[in-house]
Amino acid sequence: MHMLDGYGMDTITLAGSLEAKLSAMKAAGFSQVMLMARDLVGHPGGVESAAQAVRDSGLRPTGFQVLRDFEGLSGHLHDYKVDMAKSMLVMCQAVGSRVLLACSSTSRHATDEREQIVRDLRKLAMLALPLGIRVAYEALSWGRTVNDYVTSWELVEAADCPNLGVGIDSFHIFAARSPLDALEDMDPEKIFLVQLSDFMWNETPTFEDRITTARTFRVFPGEGVHSEQLADLVMRLERMGYQGDFSFEVFNDDYQQLPLSTVAERARRSALWLHQDVLHRSAPLPDWTGSR
Amino acid sequence: MRTQTTDRESIPELPNRLGIEGIEFIEYATSRPQALGQVLEQMGFRPVARHRSREVTLYRQGSMNLIVNANHEAARVELTQEGQPVLSAVAFRVRDALKAHTRCLDLGAWSVPSHAQAMELHIPAIHGPGSSRFYFVDRWREFSIYDIDFNPIPTVEVKPPALEGMGYFGVVQYIGAQRSADWLTYFEHMFDFSPIPDEERYGILPKGKLMRSPCGQFLWQLIEPEPWMDVEDSGECLQRIGLGVKDVAKAVQVLKARGVEFVESSRLHPEDRGALTRSVLGSVAFELVHQD
């Protein structure tokens, strides 16, 4: 058991090859990695080689991302998305990830009818189930119908499948200014993934502001202007009994042009801040003491 | 008109939206069809027909059809480890195979492409656990599907009687750790199976979770690995067939006389409830279960 075991980086934060990213994360002390489909398909050796690189790294996949705009479509659009979902699930399984991240739909072609969204989410969960994969449904703060975590939780609850849960992303919560009180209504075991990041502005009133910031200028927890809220979020999750992973979902154009070790070190600092200053967890004693 | 009794007791009818009416056949895949054939013959099955275009043999006893697929092109046969036979498919009798298949796909099942040759039946199928499949057969009342794809073996009795009245009682499926809730939901959702309370048990191996088919004709048992087992032992597959029999002791006696060996263990309580054959060919075992 190591201090950073519950925290992980996301490949989207780093530039370079998959192997270089994995190696930088490992060198910084992380034991898990959130993978992006592009890391696999863009690998010079193809998906199988990428999966092998992940296995060789010894890093545990936190999850696999990202299935977009799945729910609420009909006819040929729905069929097309089912095919996309199946391909994503096959890759997710190949890389050894137990969690697929699916983001709420931004499509203008998607219905806002609750029954259909629930039906589609259940279908996605059923597609994933024989493969042993759990689906984490995350509300994007610019989602067309589902844009806060409360709604995503209500839909997940209504779909009622054991392998369907929610993904929480602190960025979207702060960007949409969603109150944290509703967290307490959630079953902590149905939170399949928590992604943490912060940003530098106090206001992101429009969907456009949110999209631009989300995709280019997120920072690690402890580096932005919402540290207090982020600490509050993490502590609430801890109190609720959340025992899953915290993954750093940090899209940042600056980090994309810095040495990987520099960025990974910032991630490490962030994890230590969360672990020691926020959650006040102590460093585990060495194994030989027998008191783990 | 509803009767007064029904109104008073309001007995809920179990839904059976696929119109499942029992098991049409169970299939083994193996690269050692003769060795498996010997085992099946000891168990009372008799080879009755051969497939017209592939290395596939139909065995039968009483109401049970059992197919041995040794077709080298079948991926499932290739997957069998060191010639160990695997339970590769279960075919359900349904009201309308096309509708059943379509409904399952709508709910999130993975379709299996058909490889039927000219003049052969296209039996729709979906992927099941591991490398297995579920087939849907709707033509079993008026004529036999085997008359189309199979040639009878000359001089052999087409409908050999069952030893001691044995019939399909159920299927045991091995599942991954903490996967019971997932698979219970899957079978409920796809096929309208219903969970049986833990207190209600059959046979001699009361582990895991039990479900009943909506037609009430067979059971399905899910078994998770023991907590101490390695990850490699937690694969998912259809593990064995349960055979229902009125007089277990008599059936054991008859089968022993034919050379079948049974597991004798103080852990099991053979008496009248059931018995388990010793696993042969590395993977083939049958469970006898008392059934009135």
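Odds and ends about this structure:
- Under 23 Å of direct C-alpha separation, and excluding same-chain neighbours fewer than eight residues apart, B:Lys207 reaches these lysines: B:Lys246.
- Mean residue ellipticity, 222 nm, helices only, chain B: the sum of -39500 (n - 2.57) across DSSP H runs of n ≥ 4, divided by residue count and rounded to 500, is -5500 deg cm²/dmol.
- Only helices enter the 222 nm calculation for chain A: every DSSP H run of n ≥ 4 contributes -39,500 (n - 2.57), and dividing by all residues gives -12000 deg cm²/dmol, rounded to 500.
- Annotation note: GluC sites (Glu not before Pro) in the range A:182-290 located in DSSP loop regions with a Cβ neighbour count of at most 10 within 10 Å are A:Glu203.
- Between the amide H of B:Val48 and those of B:Leu58, B:Tyr59, B:Arg60, distances stay under 5 Å, these residues lying 5 or more places away or on another chain, with hydrogens modeled in the peptide plane.
- Computed from the Cβ-Cβ distance with R0 of 41 Å, the FRET efficiency linking A:Lys26 to A:Glu203 stands at 0.65.
- Remark: spin-label model distance B:Asp292-B:Ala257 equals 2.8 nm, labels positioned 7 Å along the Cα→Cβ axis.
- Partner chain coverage, peptide A:157-165 - average Cβ within 10 angstrom: 3
- Take every pair of alpha-carbon atoms less than 8 Å apart whose residues are at least six positions apart; their mean separation over the length of chain A yields a relative contact order of 20 percent.
- Between the range A:89-137 and the range A:154-209, the Cα center-to-center distance that results, in Å: 16 Å
- Sorted largest first, the principal axis extents computed over the alpha-carbon atoms of the protein assembly as shown equal 84, 66, 52 Å.
- Förster radius 25 Å - calculated FRET efficiency between B:Val156 and B:Ala116, Cβ distance, rounded to 0.05: 0.50
- Modelled spin-label separation between A:Arg239 and A:Tyr80, with each label point placed 7 Å from Cα along the Cα-to-Cβ direction: 4.6 nm.
- Given charges at beta-carbon only (K, R positive; D, E negative), |dipole| of the protein assembly as shown in Debye: 1460 debye
- Residues B:Ser132, A:Ser87, arranged from fewest to most other Cβ atoms within 10 angstrom of their Cβ, appear as A:Ser87, B:Ser132.
- Cβ-based charge dipole, the protein assembly as shown, positive-most Cα from B:Gln291, A:Ala264, B:Trp220: B:Gln291
- Selection among A:Thr213, A:Met235, A:Ala20 by position relative to the dipole of chain A gives A:Ala20 as farthest towards the positive end (Cβ unit charges, Cα centre).
- Projected area averaged over orientations for chain A, convex hull of C-alpha atoms, nm²: 15.0 nm²
- Among the listed pairs A:Lys21/A:Lys86; B:Lys159/B:Lys256; A:Lys26/A:Lys81; A:Lys26/B:Lys209, those beyond 30 Å (Cα-Cα): A:Lys26/A:Lys81; A:Lys26/B:Lys209
- Dipole moment magnitude, nearest 20 debye, the range B:176-235 about Cα centre, only Lys, Arg, Asp, Glu C-beta charged: 240 debye
- Sites count as exposed loop sites when they are chymotrypsin sites (Phe, Trp or Tyr not before Pro), lie in a DSSP loop, and have at most 13 other Cβ atoms within 10 angstrom; the longest stretch of chain B without one is B:1-142.
- Shape annotation for the range B:23-152: C-alpha extents along the principal axes are 40, 34, 28 Å, from largest to smallest.
- Note on A:Lys190: aspartates and glutamates with a C-alpha under 15 Å away, same-chain residues under 8 apart excluded, are A:Glu138, A:Glu154, A:Glu157, A:Asp160, A:Asp169, A:Glu238, A:Asp245, B:Asp182.
- Residue range of chain B that is longest and free of GluC sites (Glu not before Pro) which are both DSSP loop and sparsely packed (at most 12 other C-beta within 10 Å): B:74-141
- Here the 3J(HN,Hα) profile of the range B:36-50, calculated from phi with Karplus coefficients 6.51, -1.76 and 1.60 at θ = phi - 60°, is 5, x, 4, 4, 5, 5, 4, 7, x, 7, 10, x, 10, 7, 10 Hz, Gly and Pro shown as x.
- Sparsely packed loop sites in the range B:79-159 (the trypsin sites (Lys or Arg not before Pro) outside DSSP H, G, I, E and B with at most 16 other Cβ atoms within 10 Å) comprise B:Arg95, B:Arg139, B:Arg141.
- Note that the range B:110-115 has calculated 3J(HN,Hα) couplings of 9, 6, 9, x, 8, 10 Hz, one per residue in order, obtained from phi through the Karplus relation 6.51 cos²θ - 1.76 cosθ + 1.60 (θ = phi - 60°); glycine and proline are x.
- Largest-first ellipsoid semi-axes for chain B, taking √(5λ) over the Cα gyration tensor eigenvalues, angstrom: 27, 25, 21
- Rounded FRET efficiency, nearest 0.05, which uses the C-beta distance separating B:Met229 from A:Asp254 and R0 of 45 Å: 0.45
- Of all DSSP-defined beta bridges confined to chain B, some 70% are antiparallel rather than parallel.
- Residue-by-residue Karplus 3J(HN,Hα) for the range A:244-255, coefficients 6.51, -1.76, 1.60, Hz, glycine and proline x: x, 8, 10, 10, 8, 8, 10, 7, 7, 5, 5, 5
- Fewest-first ranking of A:Lys123, B:Lys207, using other Cβ atoms within 10 Å as the exposure measure: B:Lys207, A:Lys123
- For the residues B:Leu255, B:Leu121, B:Leu40, a GNM of chain B with alpha-carbon springs under 10 Å puts the largest fluctuation on B:Leu121.
- Taken about its Cα centre, the range B:23-152 carries a charge dipole of roughly 240 debye when the Cβ of each Lys and Arg holds +1 and the Cβ of each Asp and Glu holds -1.
- Approximate spin-label separation B:Ile196-B:Gln34, in nm, with each point projected 7 Å along Cα-to-Cβ: 3.9 nm
- Within the protein assembly as shown, percent of DSSP bridges classed antiparallel, to nearest 5: 50 percent
- For the range A:7-283, the antiparallel share of DSSP beta bridges with both residues in that region comes to about 10%.
- If the convex hull is drawn through the Cα atoms of the range A:29-131, its volume per residue in Å³: 108 Å³
- For the range B:156-292, the direction-averaged projected area of the alpha-carbon convex hull comes to 10.0 nm².
Since every read-out is calculated from the coordinates, none of them should be taken as a lab result. Bear in mind that the values here come from a model prediction, so they are computed numbers and not experimental data. Counting neighbours? That spans all protein chains shown, and the Cβs are built from the backbone with ideal geometry, glycine included.
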